[in-house]
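The structure appears right after this line, and notes come after that.
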Amino acid sequence: MAVIIKKFPVAYCILLIFPLLALAALPAAAGEFTAGERRKILRHGPWPLSAVPDPSNRVSGKPAAIAFGKALFFETRLSLSGTISCATCHRPDAGWTDGLARSRGHEAVDRNALSLFNLRVNRWFGWDGAQDTLWAQNLRPLIDKREMGVGATGAARLVRADGRLACGYRQAFGEAPGANDERVFVDLGKAMAAFLETLVTGRTPFDDFRDALARNDAAGRARYPAAAKRGLRLFVGRGNCAFCHFGPAFTNGEFADAGVPHFAGPGRADPGRFGGIRKLRKSRYTLLGGFNDDPARSTAVKTRHVRLAHSNFGEFRVPGLRNAALTAPYMHAGSLRTLADVVRHYSTLDEERLHAGGERILRRLDLSAQEQGDLVAFLETLTEREPGPKVGRRNGDLQCR
Ligand code: HEC
Ligand code: HEC
């Protein structure tokens, strides 16, 4: 190459100019997006992410634990009344939620059931991040009497006494359930975590567009609807949505005040992240405790450094947006019925209600009806192509009687 350039200055010029020309032409060639917008869009992929086992859970990724966890997920005997399972509130055919504003087990709870997609990307679990691992999150409904309430002792007894479940435990953990109730109990959370980690959403029309943008493939880009493109531009641009709904799963994994009222009932407020940090600090089931299977505590840094601040009051976890079209109603207490309602919320936001101080990220957007429709059209392209339970397809059943 160097020789050619020396001998033929013209060739040199062409070599230099050609890429420059291509670059200059890029915004136009990329359809309607500028180089800056393109950069922001590309950060929302690629998808799916590769699966990394959870070091705090010794059975993460193990097929026998996945099968056992799946059986536990649908087991109503893990509730005091014998009538409620995890799937009561996390229905595979309803985006792993229950379709209710606030969930109901033995009694109603204060919050909307989170869906169970893409849990591997979470740093914190629950709307308030009161848990720092998936396995600890899975224990909470077993303890809470409003949900299932079987408790550590009740759950351990059931698994030891029931032939099929004891067999499942043995296959997953390589030994029979022991005499220590709490150990067995925590292991149930870990087996269910192995199962839930497999619930990864599939490819979406947005992913195809994003990859076409990365490859500079005009035909691929053209297949993405114009309304969704306009909505996407608002999402990464004027709407500033991507500030919080950032990255391949459309969440930065942290907590924010999105201006949603947080009254839990007459005279009662949901403290959100403020209460979550307090619960986390009191819990026996965290990465800093004795049930973390990773002796190096390699994922515990975030828990060690968490700080409580007044501004945490009324903050909730930024939810991921993949498959959001399947998980209505929305927000921590299900206060908004449709995606159009969510977009209207951001459009007509009451800025007075947001936390003062700190960087103001959210602003009242005053979107036109068409812009609101575009944003909804974009959000709908985050739905996987073949939504459905996929439970049977990807995961084996327990090979025990
Ligand atoms: C009574 C209804 C109900 C039952 C039963 C229930 N859940 Fe939930 N689930 C919820 C609600 C509500 C939330 C949000 C909780 C919060 O933020 O406080 C949630 C949150 C979760 C999350 C957190 C997801 C995330 O993104 O952080 C996981 C995981 C989960 N549940 C798994 C389970 C498992 C496993 C079981 C069975 C052992 C179960 N749930 C039983 C209602 C329920
Ligand atoms: C400051 C961070 C932030 C920004 C900016 C932001 N969001 Fe959110 N978003 C959140 C939080 C936090 C929640 C949950 C709020 C709650 O439940 O109280 C949420 C909830 C949602 C939900 C409901 C998801 C569910 O499963 O319940 C959707 C949809 C959504 N946002 C879309 C958007 C769109 C569209 C924009 C841009 C117009 C946007 N968000 C801007 C933080 C943000």
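The values are calculated or read from the model by the stated rules, or taken from the named source; none is laboratory data. As the structure is a computational prediction, the values presented were derived from the model and not from experiment. Neighbour counts run over all protein chains shown; Cβ positions are idealised from the backbone, glycine included. Just so you know, the surface numbers come from the protein's heavy atoms only, side chains and all, with ligands and any DNA or RNA stripped out. Shrake-Rupley method; radii C 1.70, N 1.55, O 1.52, S 1.80 Å.
Before moving on, here are some points about what is shown:
- R146 being within 12 Å of ligand 2 (Cβ to nearest atom), over 15 Å from the mean Cα position of the chain (by Cα), among the basic types (K, R) and not in a helix (DSSP H, G or I): no
- Looking only at residues in the range 235-261 that are open to solvent by less than 20 Å² (accessible area, probe 1.4 Å) and more than 16 Å from ligand 1 (Cβ to nearest atom), the one that is farthest from L375 (Cα to Cα) is G259.
- Among residues of the range 60-98 being part of a loop (DSSP other than H, G, I, E, B) and among the aliphatic types (A, V, I, L, M), the one that is farthest from L321 (Cα to Cα) is L80.
- Among the numbered conditions (1) open to solvent by less than 20 Å² (accessible area, probe 1.4 Å); (2) under 30 Å from D208 (Cβ atoms), the only one that R39 does not meet is (1).
- Among the residues of the range 39-82, those that are under 17 Å from V200 (Cα atoms) and free of Cβ contacts under 8 Å to residues at least 60 places away in the same chain comprise S50, P53.
- Per the conditions (1) open to solvent by 80 Å² or more (accessible area, probe 1.4 Å); (2) modelled with pLDDT of 95 or more, the sole criterion not satisfied by A71 is (1).
- Answer residue from the range 82-96, given it is within 11 Å of ligand 1 (Cβ to nearest atom) and not β-branched (V, I, T) and is farthest from E384 (Cα to Cα) among those: S85
- Within the range 221-249, being in a helix (DSSP H, G or I), more than 9 Å from ligand 2 (Cβ to nearest atom) and of a type in the set (A, V, I, L, M, F, W, C) holds for A222, A226, A227, A228, L232, V236.
- Within the range 130-149, the set of residues being hydrophobic (A, V, I, L, M, F, W, C) and either closer than 30 Å to R304 by Cβ or open to solvent by 30 Å² or more (accessible area, probe 1.4 Å) (or both) comprises A130, L134, W135, A136, L139, L142, I143.
- Hits in the range 329-356 (condition: within 8 Å of ligand 2 (Cβ to nearest atom) and more than 15 Å from W127 (Cα to Cα)): L336, L339, V342, V343, Y346, S347
- Residues (modelled with pLDDT of 65 or more and within 28 Å of D211 (Cβ to Cβ)) located in the range 389-401: N395
- Just one residue in the set A101, A51, A113, A152 is more than 16 Å from ligand 2 (Cβ to nearest atom), aliphatic (A, V, I, L, M) and either crowded, with 17+ Cβ neighbours inside 10 Å or assigned to a helix (DSSP H, G or I) (or both); that residue is A152.
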